[in-house]
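Colleague: Input: one structure, supplied below.
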Amino acid sequence: MQDDLLAAGRLLREGRILAFTGAGISTESGIPDFRGPDGVWTRLDPADFHISRFVADPEIRKRGWALHQQGQLWGARSQVRPNRGHLALVDLWREGRLVGCVTQNIDGLHQAAGLPDEAVAELHGNTRRARCLRCEQTWPTETVLEWVDAGAADPSCPNCGGIVKTATVMFGEMLPQREMERAWEMASTASAVLAIGSTLSVWPAAEIPARLAADGRPLVIVNQGPTEMDHVATIRLEGAAGVILPRLVEIAEGM
Ligand code: APR
(Lines give C-alpha, C1' and ligand atoms only; values in the text may rest on other atoms or scores of the structure.)
Protein backbone atom coordinates (compact mmCIF):
# COMPACT_ATOMS: atom_id res chain seq x y z
CA MET A 1 0.00 0.00 0.00
CA GLN A 2 2.80 2.44 0.91
CA ASP A 3 4.49 1.92 -2.47
CA ASP A 4 1.18 2.53 -4.21
CA LEU A 5 0.60 5.67 -2.14
CA LEU A 6 4.04 7.00 -3.10
CA ALA A 7 3.49 6.15 -6.77
CA ALA A 8 0.08 7.86 -6.73
CA GLY A 9 1.56 10.86 -4.93
CA ARG A 10 4.19 11.14 -7.68
CA LEU A 11 1.45 11.10 -10.30
CA LEU A 12 -0.40 13.88 -8.47
CA ARG A 13 2.80 15.93 -8.16
CA GLU A 14 3.82 15.67 -11.80
CA GLY A 15 0.43 15.72 -13.41
CA ARG A 16 -2.65 17.72 -14.11
CA ILE A 17 -5.27 15.59 -12.39
CA LEU A 18 -8.96 15.15 -13.12
CA ALA A 19 -10.82 14.16 -9.96
CA PHE A 20 -13.89 11.99 -10.63
CA THR A 21 -15.97 11.57 -7.48
CA GLY A 22 -18.94 9.52 -6.34
CA ALA A 23 -21.05 9.09 -3.23
CA GLY A 24 -18.18 7.46 -1.33
CA ILE A 25 -16.38 10.78 -0.87
CA SER A 26 -19.41 12.10 1.05
CA THR A 27 -20.15 9.16 3.38
CA GLU A 28 -17.70 10.55 5.97
CA SER A 29 -19.92 13.65 5.97
CA GLY A 30 -22.88 11.46 6.96
CA ILE A 31 -24.43 10.99 3.52
CA PRO A 32 -25.12 7.33 2.63
CA ASP A 33 -23.81 5.99 -0.66
CA PHE A 34 -25.92 3.92 -3.04
CA ARG A 35 -24.20 0.54 -3.55
CA GLY A 36 -21.95 0.23 -0.53
CA PRO A 37 -22.77 -2.30 2.21
CA ASP A 38 -25.60 -0.16 3.63
CA GLY A 39 -26.19 2.04 0.60
CA VAL A 40 -29.47 3.69 -0.29
CA TRP A 41 -30.28 1.04 -2.93
CA THR A 42 -30.02 -1.68 -0.28
CA ARG A 43 -33.06 -0.06 1.41
CA LEU A 44 -34.99 1.80 -1.28
CA ASP A 45 -36.08 0.81 -4.79
CA PRO A 46 -34.30 2.85 -7.52
CA ALA A 47 -37.51 2.54 -9.57
CA ASP A 48 -39.13 4.98 -7.12
CA PHE A 49 -36.52 7.52 -8.20
CA HIS A 50 -37.37 7.30 -11.92
CA ILE A 51 -38.58 10.56 -13.43
CA SER A 52 -41.75 8.82 -14.74
CA ARG A 53 -42.76 7.95 -11.17
CA PHE A 54 -42.03 11.47 -9.95
CA VAL A 55 -44.18 13.01 -12.71
CA ALA A 56 -47.03 10.49 -12.32
CA ASP A 57 -47.33 10.30 -8.54
CA PRO A 58 -48.05 13.43 -6.44
CA GLU A 59 -47.47 11.37 -3.27
CA ILE A 60 -43.84 10.71 -4.33
CA ARG A 61 -43.41 14.45 -4.99
CA LYS A 62 -44.95 15.42 -1.62
CA ARG A 63 -42.73 12.88 0.21
CA GLY A 64 -39.64 14.30 -1.49
CA TRP A 65 -40.46 17.93 -0.73
CA ALA A 66 -41.26 17.07 2.91
CA LEU A 67 -37.84 15.43 3.27
CA HIS A 68 -36.14 18.49 1.75
CA GLN A 69 -38.20 20.72 4.06
CA GLN A 70 -36.86 18.74 7.04
CA GLY A 71 -33.26 19.16 5.85
CA GLN A 72 -33.00 15.61 4.50
CA LEU A 73 -31.86 14.59 1.00
CA TRP A 74 -28.78 16.83 1.30
CA GLY A 75 -30.75 19.77 -0.07
CA ALA A 76 -30.95 23.48 0.65
CA ARG A 77 -31.59 22.91 4.35
CA SER A 78 -29.16 20.08 4.87
CA GLN A 79 -26.59 20.51 7.65
CA VAL A 80 -23.98 18.17 6.15
CA ARG A 81 -20.48 19.59 5.88
CA PRO A 82 -17.43 18.71 3.73
CA ASN A 83 -14.91 16.21 5.11
CA ARG A 84 -11.12 15.80 4.83
CA GLY A 85 -11.49 14.11 1.44
CA HIS A 86 -13.25 17.15 -0.05
CA LEU A 87 -10.70 19.47 1.58
CA ALA A 88 -7.76 17.49 0.17
CA LEU A 89 -9.08 18.11 -3.36
CA VAL A 90 -9.25 21.83 -2.57
CA ASP A 91 -5.55 21.68 -1.59
CA LEU A 92 -4.75 20.05 -4.95
CA TRP A 93 -6.73 22.80 -6.73
CA ARG A 94 -4.94 25.58 -4.84
CA GLU A 95 -1.58 23.95 -5.67
CA GLY A 96 -2.54 24.03 -9.37
CA ARG A 97 -2.53 20.22 -9.63
CA LEU A 98 -6.25 19.72 -10.33
CA VAL A 99 -7.74 20.49 -13.76
CA GLY A 100 -11.18 20.07 -12.22
CA CYS A 101 -13.57 17.81 -10.34
CA VAL A 102 -16.25 15.88 -12.20
CA THR A 103 -18.75 14.69 -9.63
CA GLN A 104 -21.79 12.41 -9.69
CA ASN A 105 -22.83 13.83 -6.32
CA ILE A 106 -25.69 16.29 -5.87
CA ASP A 107 -24.71 17.46 -2.37
CA GLY A 108 -22.64 20.51 -3.34
CA LEU A 109 -19.92 19.55 -0.81
CA HIS A 110 -17.05 20.15 -3.26
CA GLN A 111 -18.09 23.79 -3.57
CA ALA A 112 -18.82 24.03 0.17
CA ALA A 113 -15.24 22.78 0.79
CA GLY A 114 -13.84 25.60 -1.35
CA LEU A 115 -13.70 24.48 -4.98
CA PRO A 116 -14.96 27.34 -7.18
CA ASP A 117 -17.95 26.66 -9.43
CA GLU A 118 -15.73 26.66 -12.52
CA ALA A 119 -13.73 23.76 -11.03
CA VAL A 120 -16.75 21.47 -10.56
CA ALA A 121 -18.93 19.71 -13.16
CA GLU A 122 -22.05 18.24 -11.54
CA LEU A 123 -23.10 15.49 -13.97
CA HIS A 124 -26.17 14.54 -11.92
CA GLY A 125 -27.17 18.10 -11.09
CA ASN A 126 -27.58 19.44 -7.59
CA THR A 127 -30.22 20.10 -4.96
CA ARG A 128 -29.38 23.81 -4.57
CA ARG A 129 -31.61 24.77 -7.51
CA ALA A 130 -35.14 23.69 -8.55
CA ARG A 131 -36.84 23.95 -11.94
CA CYS A 132 -40.21 23.72 -13.62
CA LEU A 133 -40.43 20.62 -15.79
CA ARG A 134 -42.69 22.46 -18.24
CA CYS A 135 -41.37 26.00 -18.74
CA GLU A 136 -37.84 25.35 -17.37
CA GLN A 137 -37.98 28.37 -15.03
CA THR A 138 -35.54 27.87 -12.13
CA TRP A 139 -35.34 29.06 -8.51
CA PRO A 140 -33.08 28.47 -5.51
CA THR A 141 -34.49 25.33 -3.80
CA GLU A 142 -34.91 27.40 -0.62
CA THR A 143 -37.44 29.59 -2.46
CA VAL A 144 -39.53 26.51 -3.33
CA LEU A 145 -39.22 25.26 0.26
CA GLU A 146 -40.74 28.56 1.42
CA TRP A 147 -43.77 27.71 -0.78
CA VAL A 148 -43.83 24.27 0.92
CA ASP A 149 -43.61 25.94 4.34
CA ALA A 150 -46.60 28.06 3.32
CA GLY A 151 -48.64 24.91 2.66
CA ALA A 152 -47.89 23.88 -0.96
CA ALA A 153 -47.06 20.22 -0.29
CA ASP A 154 -46.63 19.58 -4.04
CA PRO A 155 -45.57 23.05 -5.27
CA SER A 156 -46.38 23.95 -8.87
CA CYS A 157 -44.74 26.55 -11.07
CA PRO A 158 -46.19 30.03 -10.42
CA ASN A 159 -45.38 30.81 -14.05
CA CYS A 160 -47.14 27.97 -15.89
CA GLY A 161 -48.52 25.57 -13.28
CA GLY A 162 -46.00 22.87 -14.23
CA ILE A 163 -44.42 20.33 -11.87
CA VAL A 164 -41.44 21.65 -9.88
CA LYS A 165 -38.44 19.43 -9.12
CA THR A 166 -34.95 19.92 -7.71
CA ALA A 167 -32.31 20.24 -10.45
CA THR A 168 -31.00 16.71 -9.86
CA VAL A 169 -30.90 14.04 -12.58
CA MET A 170 -33.27 11.16 -11.89
CA PHE A 171 -33.13 7.81 -13.63
CA GLY A 172 -34.68 8.26 -17.05
CA GLU A 173 -33.52 11.87 -17.39
CA MET A 174 -30.80 13.18 -19.67
CA LEU A 175 -27.63 14.44 -18.02
CA PRO A 176 -27.22 18.24 -18.23
CA GLN A 177 -25.54 18.83 -21.59
CA ARG A 178 -23.51 21.83 -20.42
CA GLU A 179 -22.12 19.90 -17.44
CA MET A 180 -21.11 16.99 -19.67
CA GLU A 181 -19.39 19.39 -22.07
CA ARG A 182 -17.53 21.04 -19.18
CA ALA A 183 -16.51 17.63 -17.84
CA TRP A 184 -15.07 16.58 -21.20
CA GLU A 185 -13.25 19.93 -21.50
CA MET A 186 -11.61 19.28 -18.12
CA ALA A 187 -10.83 15.66 -19.10
CA SER A 188 -9.17 16.78 -22.34
CA THR A 189 -6.48 18.65 -20.39
CA ALA A 190 -5.89 15.97 -17.71
CA SER A 191 -2.75 13.82 -17.59
CA ALA A 192 -4.32 11.35 -15.12
CA VAL A 193 -7.66 10.55 -13.44
CA LEU A 194 -8.20 10.17 -9.70
CA ALA A 195 -11.50 8.24 -9.24
CA ILE A 196 -12.73 8.52 -5.66
CA GLY A 197 -15.63 6.81 -3.87
CA SER A 198 -17.46 5.45 -6.87
CA THR A 199 -18.31 1.96 -8.11
CA LEU A 200 -17.78 3.45 -11.59
CA SER A 201 -20.89 1.51 -12.60
CA VAL A 202 -23.27 4.23 -13.83
CA TRP A 203 -23.14 5.48 -17.41
CA PRO A 204 -22.77 7.84 -19.18
CA ALA A 205 -20.87 9.43 -16.27
CA ALA A 206 -18.46 6.48 -16.04
CA GLU A 207 -17.51 6.98 -19.69
CA ILE A 208 -15.20 9.81 -18.62
CA PRO A 209 -12.72 7.75 -16.54
CA ALA A 210 -13.20 4.79 -18.89
CA ARG A 211 -12.28 6.83 -21.99
CA LEU A 212 -9.22 8.43 -20.35
CA ALA A 213 -7.98 5.03 -19.16
CA ALA A 214 -8.55 3.60 -22.65
CA ASP A 215 -6.51 6.55 -24.02
CA GLY A 216 -3.63 5.39 -21.83
CA ARG A 217 -3.85 8.04 -19.15
CA PRO A 218 -3.15 6.66 -15.63
CA LEU A 219 -6.26 5.86 -13.59
CA VAL A 220 -5.84 5.97 -9.79
CA ILE A 221 -8.81 4.52 -7.89
CA VAL A 222 -9.43 5.35 -4.22
CA ASN A 223 -12.34 3.28 -2.97
CA GLN A 224 -13.63 1.05 -0.18
CA GLY A 225 -14.48 -2.16 -2.01
CA PRO A 226 -14.38 -3.18 -5.67
CA THR A 227 -15.26 -0.96 -8.61
CA GLU A 228 -16.10 -1.86 -12.20
CA MET A 229 -12.82 -0.38 -13.43
CA ASP A 230 -10.35 -2.03 -11.05
CA HIS A 231 -9.09 -4.14 -13.96
CA VAL A 232 -7.89 -1.05 -15.84
CA ALA A 233 -6.60 0.91 -12.83
CA THR A 234 -2.92 1.93 -12.86
CA ILE A 235 -2.97 2.17 -9.06
CA ARG A 236 -5.76 1.01 -6.75
CA LEU A 237 -5.85 2.33 -3.20
CA GLU A 238 -8.29 0.51 -0.88
CA GLY A 239 -9.64 2.57 1.99
CA ALA A 240 -11.45 5.69 3.15
CA ALA A 241 -11.16 8.78 0.98
CA GLY A 242 -10.93 10.98 4.08
CA VAL A 243 -7.81 9.09 5.15
CA ILE A 244 -6.09 8.36 1.83
CA LEU A 245 -6.59 11.71 0.03
CA PRO A 246 -4.90 13.89 2.68
CA ARG A 247 -1.92 11.47 2.69
CA LEU A 248 -1.76 11.57 -1.12
CA VAL A 249 -1.73 15.37 -1.06
CA GLU A 250 1.00 15.42 1.62
CA ILE A 251 3.14 13.12 -0.54
CA ALA A 252 2.48 15.19 -3.68
CA GLU A 253 3.34 18.44 -1.93
CA GLY A 254 6.19 17.05 0.13
CA MET A 255 8.17 15.48 -2.72
N1 APR B 1 -14.07 6.21 1.10
C2 APR B 1 -13.91 5.52 -0.07
N3 APR B 1 -14.90 4.78 -0.65
C4 APR B 1 -16.09 4.76 -0.01
C5 APR B 1 -16.33 5.46 1.20
C6 APR B 1 -15.27 6.19 1.76
N7 APR B 1 -15.39 6.88 2.89
N8 APR B 1 -17.63 5.22 1.57
C9 APR B 1 -18.17 4.43 0.62
N10 APR B 1 -17.25 4.14 -0.32
C11 APR B 1 -17.42 3.37 -1.56
C12 APR B 1 -18.53 2.35 -1.51
O13 APR B 1 -18.07 1.13 -0.95
C14 APR B 1 -18.86 2.20 -3.00
O15 APR B 1 -17.99 1.26 -3.61
O16 APR B 1 -17.83 4.29 -2.55
C17 APR B 1 -18.55 3.59 -3.57
C18 APR B 1 -19.82 4.37 -3.87
O19 APR B 1 -20.40 3.77 -5.02
P20 APR B 1 -21.95 4.00 -5.32
O21 APR B 1 -22.73 3.87 -4.08
O22 APR B 1 -22.28 3.17 -6.51
O23 APR B 1 -22.04 5.54 -5.70
P24 APR B 1 -21.72 6.22 -7.09
O25 APR B 1 -20.65 5.48 -7.82
O26 APR B 1 -21.51 7.66 -6.83
O27 APR B 1 -23.11 6.04 -7.88
C28 APR B 1 -23.23 6.69 -9.13
O29 APR B 1 -25.56 6.04 -9.17
O30 APR B 1 -27.60 5.81 -8.12
C31 APR B 1 -26.86 6.62 -8.98
O32 APR B 1 -27.17 8.92 -9.31
C33 APR B 1 -26.66 8.00 -8.39
O34 APR B 1 -24.74 9.46 -8.65
C35 APR B 1 -25.15 8.14 -8.29
C36 APR B 1 -24.65 7.11 -9.31
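The values are calculated or read from the model by the stated rules, or taken from the named source; none is laboratory data. All values reported here derive from a predicted model rather than from experimental measurement. Reconstructed Cβ throughout: ideal geometry from the backbone, glycine too, with neighbour counts over all protein chains shown. Heads up: the accessible areas ignore ligands, DNA and RNA and are worked out on the full protein's heavy atoms, side chains in. Shrake-Rupley method; radii C 1.70, N 1.55, O 1.52, S 1.80 Å.
Colleague: Would you check which residues across segment 79-103 are within 16 Å of the ligand (Cβ to nearest atom) and of a type in the set (S, T, N, Q) and list them?
Modeller: At the first step, the residues of segment 79-103 found to be within 16 Å of the ligand (Cβ to nearest atom) are 80-89, 101-103.
If the condition is that a residue be within 16 Å of the ligand (Cβ to nearest atom) and of a type in the set (S, T, N, Q), then ASN83, THR103 are the ones that fit.
Colleague: Given the conditions (1) within 13 Å of the ligand (Cβ to nearest atom); (2) of a type outside the set (Gly, Ala, Ser); (3) in contact with a Phe, Trp or Tyr (Cβ under 7 Å, 6 or more places away or on another chain); (4) not in a loop (DSSP other than H, G, I, E, B), and given that PHE20 satisfies all but one, which numbered condition is not satisfied?
Modeller: (3)
Colleague: Might you let me know whether segment 122-135 holds any residue that is hydroxyl-bearing (Ser, Thr, Tyr), under 28 Å from PRO246 (Cβ atoms) and within 16 Å of the ligand (Cβ to nearest atom)?
Modeller: Of the residues in segment 122-135, the ones hydroxyl-bearing (Ser, Thr, Tyr) are 127.
Those still in the list that are under 28 Å from PRO246 (Cβ atoms) too: 127.
Now restrict to residues that are within 16 Å of the ligand (Cβ to nearest atom): 127.
Yes.
Colleague: Only one of these conditions is not met by ILE208: (1) within 16 Å of the ligand (Cβ to nearest atom); (2) within 22 Å of ARG128 (Cα to Cα). Which number is it?
Modeller: Every condition holds for ILE208 apart from (2).
Colleague: Between LEU175, LEU219, LEU248, LEU200, which is under 25 Å from ALA76 (Cα atoms), of a type in the set (A, V, I, L, M) and within 16 Å of the ligand (Cβ to nearest atom)?
Modeller: LEU175
Colleague: Hey, LEU6 hits all of (1) open to solvent by 80 Å² or more (accessible area, probe 1.4 Å); (2) closer than 30 Å to LEU219 by Cβ but one; which does it fall short on?
Modeller: LEU6 satisfies all of (1) open to solvent by 80 Å² or more (accessible area, probe 1.4 Å); (2) closer than 30 Å to LEU219 by Cβ except (1).
Colleague: Hand me the list of helices (runs of 4 or more DSSP H) wholly inside segment 145-254 holding 1 or more residues that are touching a Pro at 6+ places or on another chain (Cβ under 8 Å) and surrounded by 18 or more Cβ atoms within 10 Å (Cβ to Cβ).
Modeller: Values: elements: 177-188, 207-214, 241-254.
Counting at least 1 such residues, we get 177-188.
Colleague: While we're on this one: For a quick check of your reading of the model, give me the residue pairs whose first member lies in segment 19-39 and is more than 14 Å from VAL222 (Cβ to Cβ), whose second is near the ligand (Cβ under 8 Å from one of its atoms) and charged (D, E, K, R), with beta-carbon atoms closer than 7 Å and at least 6 apart or on different chains.
Modeller: Partner pairs satisfying both residue conditions: GLY39/ASP33.
Colleague: Same structure again: Among the numbered criteria (1) modelled with pLDDT of 95 or more; (2) touching a strand residue (DSSP E or B) at 6+ places or on another chain (Cβ under 6 Å); (3) within 14 Å of the ligand (Cβ to nearest atom), which single criterion is violated by HIS50?
Modeller: (1)
Colleague: Does PRO32 satisfy the condition of being at pLDDT below 95 and in contact with a helix residue (DSSP H, G or I) (Cβ under 9 Å, 6 or more places away or on another chain)? Reasoning before the result, please.
Modeller: Numbers: at pLDDT below 95: yes; in contact with a helix residue (DSSP H, G or I) (Cβ under 9 Å, 6 or more places away or on another chain): yes.
So PRO32 passes the test.
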